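The values are calculated or read from the model by the stated rules, or taken from the named source; none is laboratory data. Because the structure is a prediction, the values reported are computed rather than measured. Quick reminder, even Gly has a Cβ in these numbers, built from the backbone with ideal geometry, and neighbours come from all protein chains shown. We work out accessible area using only protein heavy atoms, side chains counted, and drop any ligands, DNA or RNA first. Shrake-Rupley method; radii C 1.70, N 1.55, O 1.52, S 1.80 Å.
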Amino acid sequence: MFESNEILKTLTGRGLVSAEGCEPARVRYRLVVERREGGIVAYGNLYGSSAGLRPIWLEPDAQLRLSNGRRLNISVTDLVGDVAEFESTGPVGAL
């Protein structure tokens, strides 16, 4: 049995975020993997240059490549300066 909103793991590292029609942006990330009633979700922060993150923020679908090579479909939900918030938009597999 598990509690609702159980944090399974937190990952940090350097990665690459990209979106169709945009130049990829190098970022540092903090990624939280959490179990909720509807399944497993991921969310967190991206730290990079606002110039690189802004075009990606304007696109509805993006992808984060983690330092271990795995990829996660995300949506960048907020951008303030050089810090962006994101959430997963698809299945969160083994990270």
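Some points to look at:
- Annotation note: of LEU72, LEU58, LEU46, the sole residue that is over 12 Å from the mean Cα position of the chain (by Cα) and either in contact (Cβ under 8 Å) with a residue 40 or more places away in the chain or open to solvent by 70 Å² or more (accessible area, probe 1.4 Å) (or both) is LEU58.
- Test result for ARG14, open to solvent by 20 Å² or more (accessible area, probe 1.4 Å), more than 19 Å from GLY90 (Cα to Cα) and touching a Ser or Thr at 6+ places or on another chain (Cβ under 9 Å): yes
- Among (1) closer than 18 Å to LEU11 by Cβ; (2) surrounded by 14 or more Cβ atoms within 10 Å (Cβ to Cβ); (3) among the polar types (S, T, N, Q) - the single one SER67 does not satisfy: (2)
- Count - residues of region 24-60 that are within 14 Å of THR77 (Cα to Cα) and touching a Pro at 6+ places or on another chain (Cβ under 9 Å): 1
- Identity of the residue in region 17-30, more than 14 Å from VAL83 (Cβ to Cβ) and under 13 Å from the mean Cα position of the chain (by Cα), that ends up least open to solvent (accessible area, probe 1.4 Å): ALA19
- Out of GLU3, GLU37, one residue alone is modelled with pLDDT under 95, open to solvent by 70 Å² or more (accessible area, probe 1.4 Å), among the charged types (D, E, K, R) and in contact with a Ser or Thr (Cβ under 8 Å, 6 or more places away or on another chain). It is GLU37.
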